[in-house]
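The values are calculated or read from the model by the stated rules, or taken from the named source; none is laboratory data. Given the structure is predicted, the values throughout are model-derived calculations rather than measurements. Here the Cβ positions follow ideal geometry from the backbone for every residue, glycine too, while neighbour counts run over all protein chains shown. Note: accessible area is taken over every heavy atom of the protein model, side chains too, but ligands, DNA and RNA are not part of it. Shrake-Rupley method; radii C 1.70, N 1.55, O 1.52, S 1.80 Å.
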Amino acid sequence: MVIVMRSGASEQEIQEIVDLLHEKGLEAHVSKGEFRTVIGVIGDDELVMQVPFQAYRSVERVIPILKPYKLASREFQEEPTVIKVGDVQIGGGTFTVIAGPCSVESEEQVVESARIAREAGAKLFRGGAFKPRTSPYSFQGLGEEGLRLLARAREETGLPVVTEVLDVRDVELVYRFADVLQVGARNMQNFLMLKELGRQDKPVLLKRGMSATVEEWLMAAEYILKEGNSKVILCERGIKTFETGTRNTLDISAIPAVKGFSHLPVFVDPSHATGIRDLVPPLCLAALAAGADGVMVEMHPRPREALCDGSQSLTPDGFRSMMEEVTRLAEFLGRG
Ligand code: PEP
Ligand code: MN
């Protein structure tokens, strides 16, 4: 259920409704919009029905939410969620590029990558310190040392850092170094970790599981939102289909679809979706045209030497020319 408060309802009136819900053992999530405050009510619908909202002048309407996700839905919040990472704005009309290598390999590699990313116009820097690899024999990432190197890159460039947290036991550690905590596709339904991230105050970039429906993805976001962290960024990264020409199939249609269902910002990762460097720039343009709030791409100063995902990593020159194309299209579309 969503309770829409009358425009001009006072803080005291809003608190009165929140207290009433708490008395009934219901959870209240308050969202203050430009014109109205809405209160998302989570709990047994039968209990919600027993509350005599019509007796309160401050309440304008009570709307049932039929979707299984509530806080992630457009019914709960009509305006798009805008997330601030330092000075960088995510969502709300801007188009933000996150770039960096698949994994942190050395101080030189990570600082060099971050400089190239910043100079070409990326607003956030990515790099994995904990890597979810299909084979246990593949490079697993530098762990805590990798996080320290990411912090060095941030110091050098001022770019906020996005990095993956692979295990609930590492949330505290990754939180200390990251500006945005990434949940990888393989962990999209790691509900314990989603709950833990819901108790943090830093943004979470939630990748779509490679076999997850849009609804399952939004339910995963709901786990984070329900615990109180409203800073969730969704990231489409390709899904498994019968197609073998690309690593996964980038679901471009998910962008406008999710934007219709949810107020959360939607990013696209064409690097992991395709596994092929040359397909990354055109799909970034497609993501922008389809209404995404940004993209996350892999870029390595020397892709041939990359310890992970070299074949999908853009070269510095490739990244720069992609950024020029993205800028031209963004201007044409009137996007920031
Ligand atoms: C990544 O971004 O480093 C990554 C492993 O992506 P995904 O979880 O989408 O495979
Ligand atoms: Mn990768």
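A few comments on the model shown:
- Among the criteria (1) touching a strand residue (DSSP E or B) at 6+ places or on another chain (Cβ under 6 Å); (2) closer than 17 Å to G184 by Cα; (3) not in a strand (DSSP E or B), the one A212 does not fulfil is (1).
- Candidate set: segment 157-173, residues that are within 21 Å of T96 (Cβ to Cβ) and buried (at least 16 other Cβ atoms within 10 Å of the Cβ); chosen: the one nearest to ligand 1 (Cβ to nearest atom): E164
- Residues of segment 64-110 that are open to solvent by 30 Å² or more (accessible area, probe 1.4 Å) and not in a loop (DSSP other than H, G, I, E, B): K84, Q89, E107, E108.
- Residue satisfying all of: in segment 174-199; free of Cβ contacts under 8 Å to residues at least 40 places away in the same chain and over 28 Å from D87 (Cβ atoms); nearest to ligand 1 (Cβ to nearest atom) among these: M188
- Scanning segment 289-310 for residues that are more than 14 Å from ligand 1 (Cβ to nearest atom) and over 13 Å from T96 (Cα atoms) gives A289, A290, P301, R302, P303, R304, E305.
For (1) assigned to a loop (DSSP other than H, G, I, E, B); (2) more than 16 Å from the chain's Cα centre (by Cα), each residue gets a yes or a no:
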{"residue": "P136", "(1), (2)": "yes, yes"}
{"residue": "G146", "(1), (2)": "no, yes"}
{"residue": "L149", "(1), (2)": "no, yes"}
{"residue": "E172", "(1), (2)": "no, yes"}
{"residue": "M193", "(1), (2)": "no, no"}
{"residue": "L206", "(1), (2)": "no, no"}
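- Residue tally, condition in contact with a helix residue (DSSP H, G or I) (Cβ under 7 Å, 6 or more places away or on another chain) and either away from ligand 1 (no atom under 13 Å from the Cβ) or closer than 16 Å to V180 by Cα (or both), over segment 250-268: 10
- Subset of segment 195-204 (residues that are surrounded by 21 or more Cβ atoms within 10 Å (Cβ to Cβ) and either outside any helix (DSSP H, G or I) or within 16 Å of ligand 2 (Cβ to nearest atom) (or both)): P203, V204
- Checking every residue in segment 248-268 against the condition of being touching a residue at least 40 places away in the same chain (Cβ under 8 Å), among the small types (G, A, S) and surrounded by fewer than 20 Cβ atoms within 10 Å (Cβ to Cβ) gives at least one match.
Conditions tested, residue by residue: (1) open to solvent by 10 Å² or more (accessible area, probe 1.4 Å); (2) in contact with a helix residue (DSSP H, G or I) (Cβ under 7 Å, 6 or more places away or on another chain).
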site: K226; (1), (2): yes, yes
site: E243; (1), (2): yes, no
site: P270; (1), (2): no, yes
site: L314; (1), (2): no, yes
